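Below is one structure, written out as structure tokens; the observations come after it.
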Amino acid sequence: MVYVDDFIIAGDLTNPKWQAGKKKLVGLYNWGKWERKSFTLCGVQYVQHNDFSIAMSMTEYTDKMAK
């Protein structure tokens, strides 16, 4: 049995090699909800930019904790 908590994958959605890799990964597990571009997970805000880089921030989470 394999337990997987979270994955983050990024790439060019139009690239056939990336699409094939994602399809293979998706076929390996039962998945819940998929998020794209911008989302919050466990207090961390993730934003994927057009150059496929990913920025992560906990500013919103820590601001709430400081109040």
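Throughout, read-outs are computed from the coordinates displayed, never taken from laboratory work. All of these numbers come straight from a predicted model, not from anything done at the bench.
A compact table of results
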read-out: The chain, helix-only ellipticity at 222 nm - DSSP H runs n ≥ 4, -39,500 (n - 2.57), divided by all residues, nearest 500; value: -8000 deg cm²/dmol
read-out: Cα-based Lys pair tally, the chain, threshold under 24 Å, eight or more apart or on separate chains; value: 9
read-out: Bins of 10 Å, starting at 0 and running to the largest distance - Cα pair percent for the chain; value: 16, 41, 31, 10, 2
read-out: Table column - 3J(HN,Hα) (Hz), segment 9-19, Karplus curve with 6.51, -1.76, 1.60, x for Gly and Pro; value: 10, 9, x, 7, 4, 9, 7, x, 5, 5, 4
read-out: Residue-by-residue Karplus 3J(HN,Hα) for segment 41-58, coefficients 6.51, -1.76, 1.60, Hz, glycine and proline x; value: 9, 6, x, 9, 8, 10, 9, 9, 8, 4, 8, 6, 6, 10, 9, 10, 9, 10
read-out: Extended-chain gain in nm, criterion 0.36 nm per residue less alpha-carbon gap, residue 65 and residue 49; value: 3.0 nm
